[in-house]
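Encoded as structure tokens, the structure appears first; notes follow it.
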Amino acid sequence: MNKIYEVKSVPIPKFSKPIDIAEGKRIYQSRGCGDCHDVNGSGKTFIDDPAIGTLSGSNLTAGIGGVLSDNTDEELAIAIRDGVGRKGKALIFMPSTDFQGMTNEDVGKLISYLRSTPAVDKPQGEVKPGPLGRFLFLIGEIPVFVSAEIINHERNHLTNITPSISIEYGKYVASTCTGCHGFDLKGGPIQGAPPEWPSAQNISKNGLGHYTEANFIKTIRTGKRPDGSEMKFPMPWKSLGQLTDTELKALWMYLQTIN
């Protein structure tokens with residue numbers, strides 16, 4: 001957790017048009033950033049468990065205690081995609097494995113949106129891995145504790161990807177799901193979650209066998225499964241409901257390729 005990582009920065013495009021800022025806001029909402037950083041970006045404590053640890057998202061505004069004023073767009077991109085802070089130290093419980101494939105354009109729109117939001121004065125919440133959290137990390141059960149350790153920091157980043165109802169784009173969208181549903185998307189216990197949290201569902205083709213594309217999309221948008229049951233916390237359906245029809249259809253198409 002104290003290892004220093006060297007990550008080369010790449011130029012991140014800046015955006016100022018309202019349409020681009022709005023897209024950055026949608027990315028923030030649909031990718032679940034608010035689950036750890038709160039709806040206004042000021043950060044919040046999202047896990048407070050004596051065994052797992054106390055974990056809080058950073059204040060992503062320009063207010064006192066925030067990170068925007070002290071970081072360039074390129075440094076913020078490294079934090080988002082590589083899980084590495086300014087001085088090369090790993091960010092604890094930053095799920096960068098979900099965002100490592102994000103294009104330069106999408107990262108740029110996300111950061112431009114954050115820079116457009118009101119400053120909130122709020123100090124960094126506590127980030128303190130607990131004894132069980134550290135043990136589970138050591139045996140490989142909670143890799144997200146130090147996502148920087150399992151990310152290829154020398155990979156090339158896509159400049160952009162054209163939204164389309166395709167397997168390729170669906171795979172791009174599905175990366176958002178790996179933090180809870182696993183890299184194989186077949187579900188199981190959510191890494192780092194308190195024991196009372198339910199396991200993530202299998203969202204491979206087999207796990208979604210009783211869904212159609214239409215009711216899959218409806219479930220994501222409403223939080224209700226075809227049988228009328230409600231999806232339980234921490235499934236972030238309200239965030240994922242911000243995904244576009246193209247994103248959801250592409251996601252469905254990609255999930256159908258996973259057995």
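For this structure, a couple of remarks:
- The lone exception for P194 - which of (1) outside the structural domain of D82 (by TED's automatic domain parsing); (2) part of a loop (DSSP other than H, G, I, E, B); (3) more than 20 Å from A51 (Cα to Cα); (4) not hydrophobic (A, V, I, L, M, F, W, C) it fails: (3)
- Every pair of residues 6+ apart whose Cβ atoms lie under 7 Å, when the first sits in segment 115-138 and is assigned to a helix (DSSP H, G or I) while the second is aromatic (F, W, Y) and at pLDDT below 95: G133/F145; F137/F145
- Residues in segment 117-148 that are surrounded by fewer than 15 Cβ atoms within 10 Å (Cβ to Cβ) and more than 22 Å from D49 (Cβ to Cβ): P118, D121.
- Selection from segment 218-255 of residues that are surrounded by fewer than 15 Cβ atoms within 10 Å (Cβ to Cβ), more than 19 Å from the chain's Cα centre (by Cα) and part of a loop (DSSP other than H, G, I, E, B): P226, D227, G228, S229
- So G101, is it free of Cβ contacts under 8 Å to residues at least 60 places away in the same chain and over 16 Å from C36 (Cβ atoms): no
- Hey, N202 among the polar types (S, T, N, Q), crowded, with 17+ Cβ neighbours inside 10 Å and either touching a Lys or Arg at 6+ places or on another chain (Cβ under 6 Å) or part of a strand (DSSP E or B) (or both) or not: yes
- Residues of segment 46-61 that are farther than 10 Å from G130 by Cα and part of a loop (DSSP other than H, G, I, E, B): G57, S58, L60, T61.
The values are calculated or read from the model by the stated rules, or taken from the named source; none is laboratory data. The model shown is predicted, which means the values in this text are computed figures rather than measured ones. Reconstructed Cβ throughout: ideal geometry from the backbone, glycine too, with neighbour counts over all protein chains shown.
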